[in-house]
Every structure is written in structure tokens, then in C-alpha cells.
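Student: Below is the structure I would like to discuss, written out as C-alpha cells.
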Amino acid sequence: MQYGNTSRVAASALGLIAAALALTACQSDGGDSTAGTSSTAPTTAAASPTATSPTSPAPATSRTSGAGTPASGAPASPATATSATATSAGTASKCAVTALKARVYQAANRPVGTGTGAAIVEFTNVSGKPCVLMGHPTVAGAGNGSPEHNTPLSVTPTGSASSVRVAPGGKAWVKLTFVQVQGEGDGYCASGADPAVYPTLVVGLPGAGAHQVALSDGEFAECDNKVTATAVSALKPS
């Protein structure tokens with residue numbers, strides 16, 4: 001009986017030892033698994049700087065504007081364009097007499113009567129570069145001959161004068177309103193004076209010379225040798 005108990009105890013002890021050995025083996029395997037998982041962390045950490053490195057240069061700051069100029073230099077482009085425009089306008093000189101072609105026609109809006117009433121003088125820039133006109137005109141009645149032989153008219157200026165930049169092929173205008181002739185036939189002047197008739201007018205502009213113009217369908221008939229004149233304008237009068 002004692003031997004039987006001793007055998008059972010020995011067997012139990014052997015069983016416990018085997019179980020302990022088995023448990024130790026399992027723990028050893030679990031430790032290897034944990035070490036394998038940890039080994040990827042340095043890889044992940046190493047990959048992290050690689051992932052963030054493209055964002056570090058901040059490429060948005062080096063993008064160009066719509067005009068093709070770097071964003072940092074964008075304000076310089078509008079300033080350059082503005083300077084070029086200002087310089088272009090500033091360098092335009094007064095229109096020389098040879099730069100202009102003048103013509104005249106009767107105005108649609110004119111005083112009631114039998115004389116000319118009002119006329120529009122149109123100036124066209126026939127040169128190859130822009131030029132500037134400014135001011136109120138001088139007006140004189142003349143024959144068909146030399147414009148130096150003329151009769152100056154008394155000009156009453158109306159409206160403010162400002163410079164008008166005329167591009168090549170561009171136009172500017174002046175409107176002349178005369179003291180109208182009344183009545184039929186040769187007519188008469190309300191002042192009691194005789195009407196004056198001129199085949200041509202000599203119209204001058206400050207710095208732009210004098211231009212002799214004639215109507216295509218008649219002569220200039222007016223009273224008192226007086227005329228009201230607008231300043232030269234970029235807007236076509238009627």
C-alpha cells in the first residue's frame with residue numbers, strides 16, 4: 001500500500017513537472033511573437049518622416065500667379081502695366097497741324113433761321129502715333145484763297161477745356177453755333193446788321209495750327225461775326 005502511494009505521488013510529481021515545462025514552452029513562444037510585433041515599430045517610425053517630408057517644402061508658396069509671375073512678385077506686374085499706360089499717355093505730344101485732317105458739316109441741332117446756324121468741325125488724327133488736342137478754337141471767315149486773308153469772328157467759349165488724347169485714326173470734335181440769319185432770300189440780322197457770307201472758315205486749335213474748312217453743300221451765312229464754340233471733345237456733338 002505504501003509503495004502504491006509512493007508511485008502515485010511520483011507520478012503526480014512527474015505530471016506537475018511536465019505541465020510546468022509545457023507552460024514554460026508556451027511563454028517562450030508568446031515572447032517571440034511579441035518581439036516580432038515590436039520589430040515593425042522602427043519601420044513605421046522610419047516611414048513617418050518619409051511620409052511627412054513632401055509637405056515640409058510647402059510647395060504652395062512657390063506656385064505662380066495666373067499671369068505667370070511668382071506669387072511673391074505678383075504686385076509688381078499691375079504696377080508695371082499702370083506705369084506703361086501712364087507713360088504712354090504722358091508722352092503723347094500736342095497734335096501737329098500736319099497730323100490732323102479737318103472737315104466741317106452743318107449740325108443737326110441748330111438755331112431756327114435761314115443761315116448756317118451751327119456747324120461741327122471734325123478733326124481726324126492721320127499720323128501714326130497718338131497726340132493731344134485741348135482748348136477752345138479760334139474762328140475766322142475766309143474766301144477760297146489763302147487762309148491768312150480772313151475776318152476773325154468773336155468767339156464765346158462754352159464748356160470747360162480738357163486734354164483729349166486722339167489715337168491714330170481717332171477723331172475729336174468742336175461745335176460752332178453762329179448768330180442765325182433770319183427771313184427769306186438774303187435774310188437779315190436781328191441786330192440790324194447785314195448778314196455775312198464766307199465760303200470757308202479757318203479754325204485753329206491751341207498748339208495744333210489752323211485748318212481751312214468748307215461746307216460740301218453751301219457757304220457759311222451768319223450775323224454779327226460772332227460764334228459760340230465748345231472746347232475740343234472726344235464726344236461727337238449733334
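Student: Would you work out what percent of the accessible area of region 80-238, with all protein chains in place, is carbon or sulfur (probe 1.4 Å)?
Tutor: The value for region 80-238 is 54 percent carbon and sulfur by accessible area.
Student: Given Cα pairs under 8 Å that are at least 6 residues apart, what percent is the relative contact order of region 102-230?
Tutor: With pairs under 8 Å counted, the relative contact order is 35 percent.
Student: Express the accessible area of region 134-205 per residue in Å², computed with a 1.4 Å probe while the remaining protein chains stay in the model.
Tutor: Roughly 50 Å² per residue, with all protein chains present.
Student: May I ask for the net charge around residue 200, where only other residues with Cβ less than 14 Å from the Cβ of residue 200 are counted and Lys, Arg are +1 while Asp, Glu are -1?
Tutor: -3
The values are calculated or read from the model by the stated rules, or taken from the named source; none is laboratory data. Keep in mind the model is a prediction, meaning the values are calculated, not measured. As a convention, Cβ positions derive from the backbone with ideal geometry for all residues, glycine included, and neighbour counts pool all protein chains shown. What goes into the accessible areas is simple: the full protein's heavy atoms, side chains included, and nothing from ligands, DNA or RNA. Shrake-Rupley method; radii C 1.70, N 1.55, O 1.52, S 1.80 Å.
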